[in-house]
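This report refers to the structure that appears directly beneath it.
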Amino acid sequence: MHIIVCIKQVPDTTNIKINPETNTLMREGVECIVNPFDMYAIEEALRLKERCEGKVTAVTMGPPQAESALREALSLGVDEAVLISNRAFAGSDTLATSFTLARAIQKIGEYDIVICGKQAIDGDTAQVGPGVAVQLNIPQITFVKKIEEVTPPPAGSIRAERMMEEGFQVVESRLPVLLTVVKEINEPRLPSLRGKMKARKANIQVWGPEELGVDSDRIGLKGSPTYVSRIFAPPQRKSGKIFQGDAEEVVDQLLHELRDGKLV
Amino acid sequence: MSILVLEEKCTGCRLCVKACPFGEISVEGKLAVIGDGCTLCGACVSACEFGAIEIEVERTREIDFSQYSGVWAVAEQKKGKVQSVTFELLGAGRELADRRGSELSAILIGRRVADAAGELIAGGADNVYVVDSPVFEQFQDEPYSRVLSRLIVKWKPEIVLAGATAIGRSLIPRVAVMVGTGLTADCTGLSIDDDGQLLQTRPAFGGNIMATILTPRHRPQMATVRHKVMRALPSDASRQGKVVHVELKESDKFVRAKVVDFVEEEEKTANIAEADVIVSGGRGLQAPENFSLVEELALALGGAVGASRAAVDAGWIPYSHQVGQTGKTVQAKLYIACGISGAIQHLVGMQSSDVIVAINKDPYAPIFQVATYGIVGDLFEIIPMMVKKLGRA
């Protein structure tokens with residue numbers, strides 16, 4: 001069985017703030033990490049490989065430094081990695097990104113399952129996974145919290161639980177299929193020392209538009225229907241009232257405020 | 001590649017260097033130089049005070065925009081009951097349609113759902129397209145997306161709105177790719193200019209940044225909209241509208257990923273994405289059994305129970321209650337954080353709530369920085385006292 005995981009390198013958003021005076025991003029000391037939801041995707045791919053035997057390939061699109069995200073995936077046990085990187089891909093929105101990833105997946109070759117994290121924590125769109133499924137013309141199961149059963153090819157089927165607001169759906173699909181996974185699905189492993197050594201030495205292929213054979217109209221800024229026209233800081237919260245002291249008194253003060261605001 | 005630094009305008013002031021989220025700009029001589037890792041995000045363009053940086057968008061495809069008109073709201077129903085987010089979409093869509101002098105249509109897909117059409121008209125729709133078939137009984141990505149794309153291609157709306165719910169966030173990205181247009185997720189603000197350009201404002205980077213996004217060269221302009229941000233119109237039963245029954249094609253019904261079961265999770269307390277009031281518990285509760293305190297307070301307030309990641313990871317409460325970066329983003333009218341220190345990953349999931357109350361014994365806990373009201377004290381004393389007083393009122 002061949003499982004392909006799509007990952008993204010993201011800034012550790014916890015540190016990103018906007019300077020309200022200049023309306024620009026303040027990025028001092030922002031580190032890059034593998035998108036947390038993609039860590040669950042990698043883990044699930046590795047577990048499927050251990051269950052059914054096979055191979056896991058990780059693919060990412062990003063600037064050259066995104067290679068380190070792939071090395072991290074390799075250190076966890078991923079077998080092969082592909083980096084899609086070229087200036088021509090810059091400015092890609094979710095449509096151009098899903099198109100490019102789908103082309104890369106087709107070039108990687110035969111596959112049975114594609115796994116993505118539910119969404120990336122920088123853009124938070126959750127659009128690339130379903131976009132890739134459409135571009136590959138394969139079915140999708142989004143927000144998967146558990147894989148109940150997998151039958152490897154040639155029969156090739158899967159049954160998974162998909163999280164919804166008030167419960168979960170049980171979805172059955174044929175393979176190949178694309179899954180997006182939520183945190184509940186597993187507990188990601190840590191890399192082993194041997195894995196880290198292997199990852200350091202691994203050869204990572206880098207593909208550009210020529211290798212993918214893609215039309216320049218469909219990638220990067222040109223292939224992106226959406227365009228960010230402005231970024232700005234969200235309205236700042238006013239500093240609040242703090243109550244301290246005797247429990248009964250502070251509760252009375254709080255409830256008084258909440259009743260004034262018709263909140264209770 | 002089409003980012004340009006205009007030499008005659010650039011002063012080498014370094015504003016762009018500070019603005020670049022990727023550290024890709026340097027100043028050499030008195031000129032900004034853009035590195036190979038540039039993603040064309042445009043942060044430097046807005047930061048430059050001299051108009052010295054330009055991103056060129058080449059027009060690759062001209063669409064005859066005049067063919068496109070009308071605003072669509074994709075209705076969400078569960079077991080035939082229209083979900084409240086739909087009425088918010090109709091409220092927002094009505095305003096956009098009125099500004100454009102065009103019609104607002106609701107798209108209602110499901111099984112035996114035609115009865116709900118009247119409600120949608122009362123909620124602001126001029127037309128309701130009803131798509132009714134057993135295959136739509138449960139939400140399934142493939143038939144829903146196929147029929148919706150087919151309708152969009154046929155009727156050419158200018159704008160398509162849907163809820164940023166589990167269904168919306170699974171279905172609409174498919175549809176946008178199928179019709180080959182842009183989609184903006186999770187909008188918290190929508191407005192329109194005189195040319196019919198939809199200004200879609202959404203939070204990014206976990207709510208630390210707001211971005212306004214345009215779809216300049218493609219139609220329809222598609223957006224999913226966060227629940228509880230837009231305002232529904234008061235229901236008006238005297239409103240008139242047209243109901244159109246859509247004929248299905250055999251190919252619409254084709255399903256590869258089939259829903260075989262739906263398991264409802266029994267919860268004492270309502271789902272957090274929908275709730276107006278949320279009471280959340282964190283590590284400060286100390287033990288799983290103490291979550292009953294949070295539940296009691298939620299019950300007294302008619303609210304839902306949330307949790308911090310620490311409480312979920314400790315196994316005190318299921319993941320479906322987790323608020324924050326790897327859990328759910330909520331926007332409550334009243335959010336009460338009990339024993340939650342307020343790590344940024346939690347804050348980004350709840351900081352857009354209207355009123356935030358923090359109860360924590362550590363006066364320096366970061367949660368107090370976003371709190372409208374804070375109580376510094378022992379939650380084991382405070383919460384029972386609140387429950388008691390609320391019960392009496």
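The values are calculated or read from the model by the stated rules, or taken from the named source; none is laboratory data. On a predicted model such as this, the values are computed, not experimentally measured, just so you know. Because the Cβ atoms are built from the backbone with ideal geometry, glycine has one as well, and the counts that use them run over all protein chains shown.
In segment B:206-250, the residue that is nearest to A:PRO235 (Cα to Cα) out of those that are of a type in the set (Val, Ile, Thr) and buried (at least 21 other Cβ atoms within 10 Å of the Cβ) is B:ILE209.
Of all residues being among the aliphatic types (A, V, I, L, M) and at pLDDT 90 or above in segment B:185-210, which is nearest to B:TYR68 (Cα to Cα)? Just the residue, please. So, considering only residues that are among the aliphatic types (A, V, I, L, M) and at pLDDT 90 or above, the one nearest to B:TYR68 (Cα to Cα) is B:LEU198. Among residues that are in contact (Cβ under 8 Å) with a residue 24 or more places away in the chain, aliphatic (A, V, I, L, M) and within 7 Å of another protein chain (Cβ to nearest Cβ), A:ILE242 is not included. Within segment B:63-73, can one find any residue that is aliphatic (A, V, I, L, M), surrounded by 13 or more Cβ atoms within 10 Å (Cβ to Cβ) and modelled with pLDDT of 90 or more? Yes. Here are the criteria: (1) within 30 Å of A:ALA133 (Cβ to Cβ); (2) touching a Gly at 6+ places or on another chain (Cβ under 6 Å); (3) surrounded by fewer than 23 Cβ atoms within 10 Å (Cβ to Cβ). Tell me which single one B:VAL323 does not satisfy. Failing condition for B:VAL323: (3).
Flag: B:GLY110 matches the condition of being surrounded by 21 or more Cβ atoms within 10 Å (Cβ to Cβ) and either in contact with a strand residue (DSSP E or B) (Cβ under 9 Å, 6 or more places away or on another chain) or at negative phi (or both).
Residues that are at the interface with chain B (Cβ under 7 Å from one of its Cβ atoms) and surrounded by 15 or more Cβ atoms within 10 Å (Cβ to Cβ) within segment A:206-229 comprise A:LEU221, A:LYS222, A:PRO225, A:THR226, A:TYR227, A:VAL228, A:SER229, listed in sequence order.
Counting only residues that are loosely packed, with under 15 Cβ neighbours inside 10 Å and small (Gly, Ala, Ser), segment A:191-205 holds 1 of them. One residue stands out among those in segment A:75-129 that are within 22 Å of A:VAL177 (Cβ to Cβ) and of a type in the set (Asp, Glu): the one that is farthest from the other protein chains (Cβ to nearest Cβ), which is A:ASP79. Taking the listed residues B:TYR373, B:TYR319, B:TYR335, the one that is facing another protein chain (nearest Cβ under 8 Å) and under 26 Å from A:PHE37 (Cα atoms) is B:TYR319, with no other qualifying. Report whether or not B:GLY182 is at pLDDT 95 or above, crowded, with 24+ Cβ neighbours inside 10 Å, in the same structural domain as B:ILE107 (by TED's automatic domain parsing) and farther than 20 Å from B:GLY80 by Cβ. Criteria met by B:GLY182. From the list A:ASP112, A:ASP124, pick out the single residue that is surrounded by fewer than 24 Cβ atoms within 10 Å (Cβ to Cβ) and closer than 25 Å to B:CYS187 by Cβ. Of A:ASP112, A:ASP124, the one residue that is surrounded by fewer than 24 Cβ atoms within 10 Å (Cβ to Cβ) and closer than 25 Å to B:CYS187 by Cβ is A:ASP124.
Give me the residue from segment B:356-373 that is over 17 Å from A:ASP252 (Cα atoms) and of a type in the set (Phe, Trp, Tyr) and, out of that set, surrounded by the most Cβ atoms within 10 Å (Cβ to Cβ). Checking each candidate, the answer is B:PHE368. Of the residues that make up segment A:167-181, is at least one in contact with a helix residue (DSSP H, G or I) (Cβ under 7 Å, 6 or more places away or on another chain), at the interface with chain B (Cβ under 7 Å from one of its Cβ atoms) and either at pLDDT below 90 or closer than 30 Å to B:THR329 by Cβ (or both)? For segment A:167-181, residues in contact with a helix residue (DSSP H, G or I) (Cβ under 7 Å, 6 or more places away or on another chain), at the interface with chain B (Cβ under 7 Å from one of its Cβ atoms) and either at pLDDT below 90 or closer than 30 Å to B:THR329 by Cβ (or both): absent. Considering each residue of segment B:263-273 in turn, at least one proves to be assigned to a strand (DSSP E or B), out of contact with any helix residue (DSSP H, G or I) (no Cβ under 6 Å at 6 or more places or on another chain) and either of a type in the set (Phe, Trp, Tyr) or within 9 Å of another protein chain (Cβ to nearest Cβ) (or both). Evaluating B:LYS253 against the criteria (1) over 29 Å from A:ILE147 (Cβ atoms); (2) in contact with a Pro (Cβ under 9 Å, 6 or more places away or on another chain) leaves one unmet condition, (1).
Might you let me know whether segment B:279-291 holds any residue that is surrounded by 21 or more Cβ atoms within 10 Å (Cβ to Cβ), within 14 Å of another protein chain (Cβ to nearest Cβ) and not charged (D, E, K, R)? Yes; the residues of segment B:279-291 include at least one that is surrounded by 21 or more Cβ atoms within 10 Å (Cβ to Cβ), within 14 Å of another protein chain (Cβ to nearest Cβ) and not charged (D, E, K, R).
Each row is one residue, and each column tells you yes or no for (1) among the hydrophobic types (A, V, I, L, M, F, W, C); (2) touching an Asp or Glu at 6+ places or on another chain (Cβ under 6 Å); (3) under 30 Å from B:GLU264 (Cα atoms).
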site	(1), (2), (3)
B:VAL323	yes, no, yes
B:LYS333	no, yes, yes
B:ASP362	no, no, no
B:ALA365	yes, no, no
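Only one residue in B:GLU119, B:GLU158, B:GLU137, B:GLU142 is facing chain A (nearest Cβ under 10 Å) and among the acidic types (Asp, Glu), so which one is that?
B:GLU142
So for segment B:9-30 (the condition being closer than 22 Å to A:GLU31 by Cα, within 8 Å of chain A (Cβ to nearest Cβ) and among the hydroxyl-bearing types (Ser, Thr, Tyr)), does at least one residue qualify? For segment B:9-30, residues closer than 22 Å to A:GLU31 by Cα, within 8 Å of chain A (Cβ to nearest Cβ) and among the hydroxyl-bearing types (Ser, Thr, Tyr): absent.
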